[in-house]
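A short worksheet on the structure shown next.
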């Protein structure tokens with residue numbers, strides 16, 4: 001099933017006192033471009049997150065938002081630096097003796113001195129942290145892919161409809177071509193008759209002129225190739241994934257053939273149908289830009 005590059009996914013996972021929330025959204029982009037917004041504590045896992053995402057996404061601009069809450073009571077501990085406190089006290093006693101001042105230091109005062117008491121975060125269990133984060137990521141990525149597949153199916157239906165419209169336009173151009181030759185010959189005979197009055201022109205000369213005109217407006221090769229490109233695109237649309245660039249290339253070739261058909265058109269209705277062909281191809285190319 002084809003995938004759109006537009007999608008959204010969200011997953012929330014509670015592991016004991018830890019809560020992980022992952023949200024991501026994607027839009028079309030030529031390559032895979034990933035942007036993160038997450039707590040610094042989780043920056044260590046950025047490479048692993050990118051590797052995991054590549055299992056789900058081939059290209060597109062993806063923004064990933066990760067939040068992390070730790071409600072455990074042992075998030076941090078207080079560390080007492082006894083050696084430093086002793087240094088403070090020694091110098092305070094020296095100052096007391098030197099300046100004959102009353103030493104009114106209290107424990108509450110000493111504890112506020114720089115680095116006597118410090119807050120230290122508990123060691124992080126990276127394996128357990130990654131386990132919870134990975135579960136949230138996989139849940140969000142799976143939902144992300146699901147929304148991309150739904151949008152991709154809508155794109156497939158729309159493009160298929162436009163391809164059918166193109167086939168109808170091509171069929172008209174094919175059926176119209178013999179009529180154009182008949183009309184050209186009739187106009188040529190009328191013009192010769194008006195100019196030469198009773199003088200007759202050789203049939204071979206008339207046929208030569210008609211053949212030259214037929215060769216000039218012939219679009220058989222272009223139509224055959226265009227039909228082939230349409231069939232190729234239809235078969236590509238039912239492939240699994242990673243077909244966006246391939247479809248874009250096919251659309252470029254289709255546009256090339258449509259341009260040639262338009263340049264050879266010597267009939268207003270054929271010109272209009274060729275213009276409509278180009279319009280449908282352009283609409284298809286716009287849709288393809290959203291396919292992964």
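The values are calculated or read from the model by the stated rules, or taken from the named source; none is laboratory data. Being a predicted model, the structure only gives us computed values, none of them experimental. Every residue, glycine among them, receives a Cβ derived from its backbone with ideal geometry; neighbour counts consider all protein chains shown.
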Just one of the numbered conditions (1) at pLDDT 85 or above; (2) outside any helix (DSSP H, G or I); (3) exposed (fewer than 12 other Cβ atoms within 10 Å of the Cβ); (4) out of contact with any strand residue (DSSP E or B) (no Cβ under 7 Å at 6 or more places or on another chain) is not true of residue 97; which one? (2)
Answer from 257, 183, 253, 189 - the residue that is more than 23 Å from residue 158 (Cβ to Cβ), in a helix (DSSP H, G or I) and at pLDDT 60 or above: 183
With respect to residue 265, determine if the residue is more than 30 Å from residue 150 (Cα to Cα) and either modelled with pLDDT of 90 or more or not assigned by TED's automatic domain parsing to the domain that holds residue 175 (or both). no
Go through 68, 56 for me and flag whichever is at pLDDT below 95, closer than 30 Å to residue 246 by Cβ and surrounded by 15 or more Cβ atoms within 10 Å (Cβ to Cβ). 56
